[in-house]
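Here is the structure we will look at.
The values are calculated or read from the model by the stated rules, or taken from the named source; none is laboratory data. Owing to the predicted nature of the structure, the values given are computational and were not obtained by experimental measurement. Heads up, the Cβs are rebuilt from the backbone with ideal geometry, glycines too, and the neighbour counts pull from every protein chain shown.
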Amino acid sequence: MAEVGRALLNYGDNGYILPFEVISILLLAAMVGAIVIAKTYNKKSNN
């Protein structure tokens, strides 16, 4: 189990930390975009 943890947090050829960080930034941008779209849709539907 410790080996899996090291592999997940390792930089380099066998590490997965960089893909996790890239995906987390992508998901954060998607959430912010969804909030912006929802707020503009809500403003348009109220008028």
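Okay, here's what the table says:
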{"read-out": "Test result for V22, aliphatic (A, V, I, L, M), surrounded by 10 or more Cβ atoms within 10 Å (Cβ to Cβ), part of a helix (DSSP H, G or I) and at pLDDT 85 or above", "value": "yes"}
{"read-out": "Residues located in region 1-18, provided they are part of a helix (DSSP H, G or I) and either exposed (fewer than 10 other Cβ atoms within 10 Å of the Cβ) or at pLDDT 95 or above (or both)", "value": "A2, E3, V4, G5"}
